[in-house]
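Taking it in order: structure first as structure tokens, then the write-up.
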Amino acid sequence: MTTRITVDSGKCVGAGLCTVAPGYFDLGSEGRVILLREGDVPEEDLGAVTDAATMCPAEAIRISSERS
């Protein structure tokens, strides 16, 4: 299974809750989410990435899974 992340920085309200996954998300100079790491999310990082997406009040982070 391949798990990928997409972000919509236009929806971001700058709450910063996404930084619970610091290797994947940060707030850029405009205070909006930026994706730091693209590609497949390893199993060991999936919990933190899922938490970040779930906690985002603007739903600016999406996680998708597909069979590889």
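For the subset of the range 8-46 comprising residues that are of a type in the set (Val, Ile, Thr) and free of Cβ contacts under 8 Å to residues at least 40 places away in the same chain, which member is farthest from residue 57 (Cα to Cα)?
Taking the candidates together, the pick is 41.
Could you figure out which of (1) of a type outside the set (Asp, Glu); (2) closer than 23 Å to residue 1 by Cβ; (3) in contact with a Leu (Cβ under 9 Å, 6 or more places away or on another chain) isn't true of residue 36?
For residue 36, the exception is condition (3).
Could you tell me which numbered condition residue 29 fails, if it satisfies all but one of (1) touching a strand residue (DSSP E or B) at 6+ places or on another chain (Cβ under 8 Å); (2) at pLDDT 95 or above; (3) of a type in the set (Ser, Thr, Tyr)?
If we test residue 29 against (1) touching a strand residue (DSSP E or B) at 6+ places or on another chain (Cβ under 8 Å); (2) at pLDDT 95 or above; (3) of a type in the set (Ser, Thr, Tyr), just (1) comes out false.
Among 51, 26, which is within 10 Å of the chain's Cα centre (by Cα), part of a strand (DSSP E or B), surrounded by 14 or more Cβ atoms within 10 Å (Cβ to Cβ) and not basic (Lys, Arg)?
After ruling out the rest, the residue left standing is 26.
Going through the range 39-64 one residue at a time, which ones are more than 17 Å from residue 2 (Cα to Cα) and charged (D, E, K, R)?
51, 59, listed by residue number.
Looking at (1) touching a helix residue (DSSP H, G or I) at 6+ places or on another chain (Cβ under 7 Å); (2) at pLDDT below 95, which is the one condition that is false for residue 63?
(2)
Please determine, by comparing only the residues of the range 31-48 that are among the small types (Gly, Ala, Ser) and assigned to a helix (DSSP H, G or I), which one is farthest from residue 16 (Cα to Cα).
Checking each candidate, the answer is 47.
Taking the condition without any contact (Cβ under 8 Å) to a residue 60 or more places away in the chain and in a strand (DSSP E or B), does residue 5 pass?
yes
Being under 24 Å from residue 66 (Cβ atoms) and surrounded by fewer than 16 Cβ atoms within 10 Å (Cβ to Cβ) is the filter here; which residues of the range 10-23 pass it?
Matches in the range 10-23: 11, 23.
The values are calculated or read from the model by the stated rules, or taken from the named source; none is laboratory data. As the structure is a prediction and not an experimental result, all values here were calculated from the model. Positions of Cβ are backbone-derived with ideal geometry, glycine not excepted, and every protein chain shown enters the neighbour counts.
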